1. Every residue in the range 15-40 that is over 18 Å from THR3 (Cα atoms) and not in a helix (DSSP H, G or I), please.
2. Would you point out which residue out of THR115, THR153 is surrounded by 10 or more Cβ atoms within 10 Å (Cβ to Cβ) and either at pLDDT below 75 or under 17 Å from LEU69 (Cα atoms) (or both)?
3. Scanning the range 32-54 for residues that are under 20 Å from ASN65 (Cβ atoms) and of a type in the set (A, V, I, L, M), which turns out surrounded by the fewest Cβ atoms within 10 Å (Cβ to Cβ)?
4. Output yes when any residue across the range 89-104 is modelled with pLDDT under 85 and surrounded by 11 or more Cβ atoms within 10 Å (Cβ to Cβ), and no when none is.
5. Looking at this structure, is LEU109 within 21 Å of the chain's Cα centre (by Cα), under 21 Å from GLU123 (Cβ atoms) and at pLDDT below 85?
6. What's the total number of residues in the range 85-94 that are part of a helix (DSSP H, G or I) and more than 14 Å from VAL14 (Cβ to Cβ)?
Amino acid sequence: MSTISQVLLIDRGVHLAGQVYGNAPIPMLVVGTVVGSGAEVLKPMASLLINRCQHNQMAILKLSNNSKLALFLSLLFMLEIYKNPMIMGFTRHQLMVHILVLTTAFKFLSLCYRTDHLIWLLEHQILYTLFGGFSRDLSKFFERLPEPKVRRTWAFAEFD
């Protein structure tokens, strides 16, 4: 039941933000995520703001898995509003049914088989690819100069 209410809340939040802000993508993501995960996303934000106001450099934002799921579902509902081809032509209700099945299966698997580490590995690979790790490694690889072939002259005879 919590999955059904979470998906409905995210859908309502994204559509309400789309109506209020004229289908602006960032407010739709933020409102859908906050409505879908509630205090789970507000607690890290509040601690981040408190640490910044106290001039503490230890401020870090770590979202829970439920908040990450709400952000992803908000993104899917936003893409459905924009009629993006990544949604594969699903209507709003078809998308809700598919999301309910996948979210329920994901929560069941995370309870039974502890698949949270799979999310962490996926996040690490996304961060590596999108935020500088992969490009840094490629630039190091292509900036390497080939080793010059130095010919030792003392090893050869005068007429070689």
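The values are calculated or read from the model by the stated rules, or taken from the named source; none is laboratory data. Computed from a predicted model, the values in this text were never measured in an experiment. Glycine also receives a Cβ, built like all others from the backbone with ideal geometry; neighbour counts cover every protein chain displayed.
1. TYR21, GLY22, ASN23, ALA24
2. Residue meeting the stated conditions: THR115.
3. Pass one, the range 32-54, residues under 20 Å from ASN65 (Cβ atoms): 32-48.
Then keep just the ones that are of a type in the set (A, V, I, L, M); that gives 34-35, 39, 41-42, 45-46, 48.
Values: VAL34: 22, VAL35: 21, ALA39: 9, VAL41: 22, LEU42: 12, MET45: 12, ALA46: 11, LEU48: 14.
Per the stated criteria, the residue is ALA39.
4. No, the range 89-104 contains no residue that is modelled with pLDDT under 85 and surrounded by 11 or more Cβ atoms within 10 Å (Cβ to Cβ).
5. The answer is yes for LEU109.
6. Residues that pass the stated criteria total 4.
Residues are listed down the side, and each one gets a yes or a no for (1) hydroxyl-bearing (Ser, Thr, Tyr); (2) in a helix (DSSP H, G or I):
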residue: SER74; (1), (2): yes, yes
residue: PHE77; (1), (2): no, yes
residue: LYS83; (1), (2): no, no
residue: MET96; (1), (2): no, yes
residue: VAL101; (1), (2): no, yes
residue: SER110; (1), (2): yes, yes
residue: ILE119; (1), (2): no, yes
residue: LEU127; (1), (2): no, yes
